1. Could you list which residues have their amide H under 5 Å from that of Phe59, counting only those 5 or more apart in sequence or on another chain, with H placed in the peptide plane?
2. Quick check for me: using +1 on Lys/Arg Cβ and -1 on Asp/Glu Cβ, what's the dipole size of region 123-209 about its Cα centre, in debye to the nearest 20?
3. Residue by residue, what Karplus-based ³J(HN,Hα) values in Hz, rounded to whole numbers, does region 154-166 have, using 6.51, -1.76 and 1.60 with θ = phi - 60° and x for Gly and Pro?
4. Quick one: net charge around Cys195, please, counting Lys, Arg +1 and Asp, Glu -1 for every other residue with C-beta under 14 Å from its C-beta.
5. Which of the lysines could a cross-linker bridge to Lys74, judged by Cα under 19 Å and excluding same-chain residues fewer than eight apart?
6. Ranked highest first by average number of other Cβ atoms within 10 Å, how do 245-256, 133-144 line up?
7. What number, in percent, do you get for the relative contact order of the chain if the mean sequence gap of Cα pairs under 8 Å and at least 6 apart is divided by its residue count?
8. Less than 17 Å apart at the alpha-carbon level, and either on another chain or at least 8 residues along: which aspartates and glutamates does that give for Lys187?
Amino acid sequence: MNKQTKLGIGALVLIALFIIFLPTKDNSTITIVNPSNKSSPASVFAHAFEKATGEDTKFYQASSCEDAGKTFNKTKNAVMIYNSSVEFAARNKGLNCTLKGQQAENVVFVGQTYMYICRLPNSTKQFGDEAVSLGMASMYAVPKHEKQFVDNGANVKLVPYGGSKDVLNALLAGDIDLGWMGSGLAKKQGNKIDCLYSTDPTDENFIGKSIAKKIPDFRITYVVYTNATSKKVIQKLRDVGKDEGFNKYMNSSLITGAWNVEQSDVDAVLSYVDLMENTWSDKK
């Protein structure tokens, strides 16, 4: 073997070793999948979670819950920001967007936020004999829900909107008498609005004290789950619970929840959606 041939073989060996030991890119990009309406409190939660995960995170705003499910299933390291109200609306339309089948080991967080019913500061409108318009997200503004108000002495006409932000804008514009919106969003308005009722049973103005609704403690429940298998990615998601900015957002938005999730927590969410469906659904 001549010298030139030996040099050629040596070069090939060096190239092969370089390729073998070349650091590979860590394919740990996380994709946050949001099935909720852009004006929903759940979308604000989804963006806050995205921000807290840091770099290498993408955000996918789904056009529907079915689109969200398909994207989640085909995307590596996807994170679904499940919203109980979205599943209720999907069931009402005969769509398959259920939490059923999700196991606790794939769930990072289960939490909830309640609703406030508010009016303008100079308004005297409230639940009673006087006719009032109550704006709320369209998925809840259904005939059965309206009938429950009326049957319990509240002369209410429900007006559907895309979500809490739309309800707030309509209230501020004077288009509706009362607005049903996320408690966190309402709280941030300060003295711009006057919140008469809350669906949080621990609040003094709990609506259940005034109206015997079938679901007086209504809340939006969030379930954050993933298809990631990498321990590094899963730990990164769990570390969101330690993020100072995210916890500040949680506190200001009146969101509570648990990061150590058990299967009973997941099953309880499904039972709550069952209750909504059995109480309010217009599905034949």
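1. Residues meeting the criterion, in which the H sits 1.01 Å from N, are Ile32.
2. Numbers: 9 positive and 11 negative charges, 50 e Å.
For this selection, approximately 240 debye.
3. 10, 7, 10, 10, 7, 10, x, 9, x, x, 4, 5, 5
4. Working: positive: Arg119, Lys125, Lys187, Lys188, Lys192; negative: Asp177, Asp194, Asp200, Asp203, Glu204.
Taking every Cβ under 14 Å from that of Cys195, the sum is 0.
5. Lys58, Lys100
6. Working: 245-256: 16.1, 133-144: 19.4.
By packing density, highest mean first, the sequence is 133-144, 245-256.
7. On the way: 507 pairs, mean separation 73.4, N = 284.
Here the relative contact order equals 26 percent.
8. Result set, ordered by chain and number: Asp166, Asp200, Asp203, Glu204.
Every number here is computed from the coordinates shown, using simple stated rules; none is lab data. Computed from a prediction, not measured in an experiment: that's the story for all the values here. Methodologically, a virtual Cβ is constructed for each residue, glycine included, from the backbone with ideal geometry; neighbour enumeration extends over all protein chains shown.
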